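**Q** My questions will all concern the structure given below.
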Amino acid sequence: MNVLVIGNGGREHAVLQALKKSPRVEKLYAMKGNAGIAEIAECIDLDYCNVTAVGDYLDAHPEIDYTVVTPDDPLALGLVDELEKRGHRCFGPNKRAALIESSKAFSKSLMKKYGIPTAKSETFSSYEEALAYIGKEGAPIVLKADGLALGKGVLLCKTMEEAREGLKEIMLDKKFGQAGNKVVIEEYMTGKQFDPGEEVSVLTFTDGKTIVPMVTSCDHKRAFDGDKGLNTGGMGTFTPCPFYGKEEEEEVREKILLPTVEAMRKEERPFKGVLYFGLMRTPTGMKVVEYNARFGDPETQVVLPMLKTDLLDIFEAVTDERLSDVKIEWEEGACVCVVLASGGYPVKYEKGKEIAIGDLDEDVVLCHAGTKWKDGKLVTDGGRVLGVCAKGKTVEEARQKAYKNAEKITFEGKHMRTDIGIKYRG
């Protein structure tokens, strides 16, 4: 089969690397791709948020048998609906199901309606009403832009001053654009051992009936060591999560995973694809922080290297609603991804810096994110540039290997956290 993957980041590179292992894949395509993706796939320079143009392209290229839609924007815009309408086989949720990520107000109302454990919240489209609610509730408090905001639309406000300023940024200054037309205001959850709490990412495959969790992972969202600085799209990840045992796994399956799939089915929004659960362990049990309607980034970069089952087999089983027929197996051990970012990310950063990559260990995998070729040179082309991914018997072994190899990569302004994989050891 010839397979097209929509997207151009580290997540898509990881998906393509996993698909490349499939004996059933003949040729890979990517839209738009990046410098690393171009080494294993034919890149198509087309705006994948123009759903009609993507549909027209696939109509004109019948040699492409299957399409995997990974980023949040085209899912929210209904790319899967457009392709299915034209008779193309694809992987990913339709627009109605993708609303679970594209509207935080919808996802919070869904959880409230079906009793799925999450933080107490209220949604506002009026700045004045939201401001009055903050005054009543007090700090600390969490503000979330309702729509998609590149993973940066969540503000943890520890003081009333931060809360008022954050609300102004979201609703009046439109820091996150139209995503801030509505705001979700949540209670500030704390964990059993840590403030603001122990978080875990549980990515799952689901065909709308069956749901199969992947190996757990932990993201490091903040820009600097010790979880300091601004929220980013993710500065690194590791698997497995150290505090997520059999007890948590069973609790999450019965109280969160299965009820969510069932709730979406009852709402006539059956979810087929990858459903991502951002969870927190609190004194009163596991709770949902957020849903995503796709593979996480950079969680995918540590999860998929551990997959033993053919990824294309899983994708097609989801499309055909026969996921229960596939036995999904995972490797033992750990994996760590260290993100190398442009200096100044996530605020202001420069592109076009030449990247030099030394002699990396054989079993270390690079996931390209913001890279491109310019005048025969590999240069930076985004905030998050590369993910250095390494496996080991333990998280510590994997992180040592990842950092050893991260040091062999240089570009002007290179920034990385030095504590990826250390979370939740205490």
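**Q** Kindly list, by first and then second residue, each pair from a residue in the range 113-125 that is in contact (Cβ under 8 Å) with a residue 60 or more places away in the chain to a residue that is assigned to a loop (DSSP other than H, G, I, E, B) and among the hydrophobic types (A, V, I, L, M, F, W, C), limited to pairs with Cβ atoms under 7 Å and residues at least 6 apart or on different chains.
**A** Pairs that qualify, where the first residue is in contact (Cβ under 8 Å) with a residue 60 or more places away in the chain and the partner is assigned to a loop (DSSP other than H, G, I, E, B) and among the hydrophobic types (A, V, I, L, M, F, W, C), are 119/189.
**Q** Would you please name the residue that is nearest to residue 344 (Cα to Cα), looking only at residues in the range 360-407 that are assigned to a strand (DSSP E or B) and basic (Lys, Arg)?
**A** 384
**Q** If only one of 144, 136, 108 is within 24 Å of the chain's Cα centre (by Cα), on the phi < 0 side of the Ramachandran plot and in a helix (DSSP H, G or I), which one is it?
**A** So the residue among 144, 136, 108 that is within 24 Å of the chain's Cα centre (by Cα), on the phi < 0 side of the Ramachandran plot and in a helix (DSSP H, G or I) is 108.
**Q** A further question on this structure: Going through the range 293-309 one residue at a time, which ones are surrounded by 24 or more Cβ atoms within 10 Å (Cβ to Cβ) and either in a strand (DSSP E or B) or among the acidic types (Asp, Glu) (or both)?
**A** 297, 299
**Q** I've got another one for you. Please tell me if residue 371 is over 30 Å from residue 205 (Cα atoms), in contact with a Gly (Cβ under 7 Å, 6 or more places away or on another chain), crowded, with 18+ Cβ neighbours inside 10 Å and not assigned by TED's automatic domain parsing to the domain that holds residue 300.
**A** no
**Q** Here are some residues: 105, 130, 53, 76. Which one is assigned by TED's automatic domain parsing to the domain that holds residue 166 and either of a type in the set (Gly, Ala, Ser) or over 27 Å from residue 203 (Cβ atoms) (or both)?
**A** Being assigned by TED's automatic domain parsing to the domain that holds residue 166 and either of a type in the set (Gly, Ala, Ser) or over 27 Å from residue 203 (Cβ atoms) (or both) holds for just one of 105, 130, 53, 76, which is 130.
**Q** Something else now. Do you know which residues across the range 252-284 are touching a Gly at 6+ places or on another chain (Cβ under 7 Å) and exposed (fewer than 15 other Cβ atoms within 10 Å of the Cβ)?
**A** Passing the criteria: only 265.
**Q** For the range 185-219, give me each residue that is at pLDDT below 95, surrounded by fewer than 18 Cβ atoms within 10 Å (Cβ to Cβ) and charged (D, E, K, R).
**A** Matches in the range 185-219: 187, 192, 195.
Okay, residues lined up against (1) touching a Leu at 6+ places or on another chain (Cβ under 8 Å); (2) crowded, with 20+ Cβ neighbours inside 10 Å:
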residue: 129; (1), (2): no, no
residue: 138; (1), (2): no, no
residue: 142; (1), (2): yes, yes
residue: 160; (1), (2): no, no
residue: 169; (1), (2): yes, no
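**Q** Whether any residue in the range 229-237 is without any contact (Cβ under 8 Å) to a residue 12 or more places away in the chain and not aromatic (Phe, Trp, Tyr) is what I want to check.
**A** Looking for residues that are without any contact (Cβ under 8 Å) to a residue 12 or more places away in the chain and not aromatic (Phe, Trp, Tyr), one finds at least one in the range 229-237, hence yes.
**Q** Out of (1) in contact with a Ser or Thr (Cβ under 7 Å, 6 or more places away or on another chain); (2) β-branched (Val, Ile, Thr); (3) more than 24 Å from residue 76 (Cβ to Cβ), the odd one out for residue 141 is which?
**A** Only one criterion is unmet by residue 141, namely (1).
**Q** Scan the range 320-341 and tell me whether some residue there is among the aromatic types (Phe, Trp, Tyr), surrounded by fewer than 22 Cβ atoms within 10 Å (Cβ to Cβ) and part of a loop (DSSP other than H, G, I, E, B).
**A** No.
**Q** One residue is enough: does the range 177-184 have a residue meeting the conditions surrounded by fewer than 22 Cβ atoms within 10 Å (Cβ to Cβ) and either in contact with a helix residue (DSSP H, G or I) (Cβ under 7 Å, 6 or more places away or on another chain) or modelled with pLDDT of 95 or more (or both)?
**A** yes
**Q** Which one is surrounded by the fewest Cβ atoms within 10 Å (Cβ to Cβ), of the residues in the range 52-104 that are among the polar types (S, T, N, Q) and part of a helix (DSSP H, G or I)?
**A** 52
**Q** If I filter the range 152-174 down to residues being outside any helix (DSSP H, G or I) and touching a residue at least 12 places away in the same chain (Cβ under 8 Å), which single residue comes out as nearest to residue 346 (Cα to Cα)?
**A** For the range 152-174, the residue satisfying everything is 152.
Each row is one residue, and each column tells you yes or no for (1) closer than 20 Å to residue 181 by Cα; (2) in contact with a Pro (Cβ under 9 Å, 6 or more places away or on another chain).
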site: 91; (1), (2): no, no
site: 111; (1), (2): no, yes
site: 121; (1), (2): yes, no
site: 128; (1), (2): yes, no
site: 149; (1), (2): yes, no
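**Q** State all residues of the range 295-309 that are touching a helix residue (DSSP H, G or I) at 6+ places or on another chain (Cβ under 9 Å) and over 14 Å from residue 202 (Cβ atoms); if no residue qualifies, say none.
**A** Those that are touching a helix residue (DSSP H, G or I) at 6+ places or on another chain (Cβ under 9 Å) and over 14 Å from residue 202 (Cβ atoms): 297, 298, 301, 304, 305, 307.
**Q** Could you look through the range 113-127, keep only residues that are at pLDDT below 95 and charged (D, E, K, R), and pick out the one that is farthest from residue 278 (Cα to Cα)?
**A** Top of the filtered list is 122.
**Q** Right, something else. Name the one entry in 6, 37, 64 that is aliphatic (A, V, I, L, M) and over 19 Å from residue 301 (Cα atoms).
**A** Being aliphatic (A, V, I, L, M) and over 19 Å from residue 301 (Cα atoms) holds for just one of 6, 37, 64, which is 64.
The values are calculated or read from the model by the stated rules, or taken from the named source; none is laboratory data. Nothing here was measured: the structure is a model prediction, and the numbers come from that model. Cβ coordinates were reconstructed from backbone atoms using ideal geometry, including for glycine residues, and neighbour counts include every protein chain displayed.
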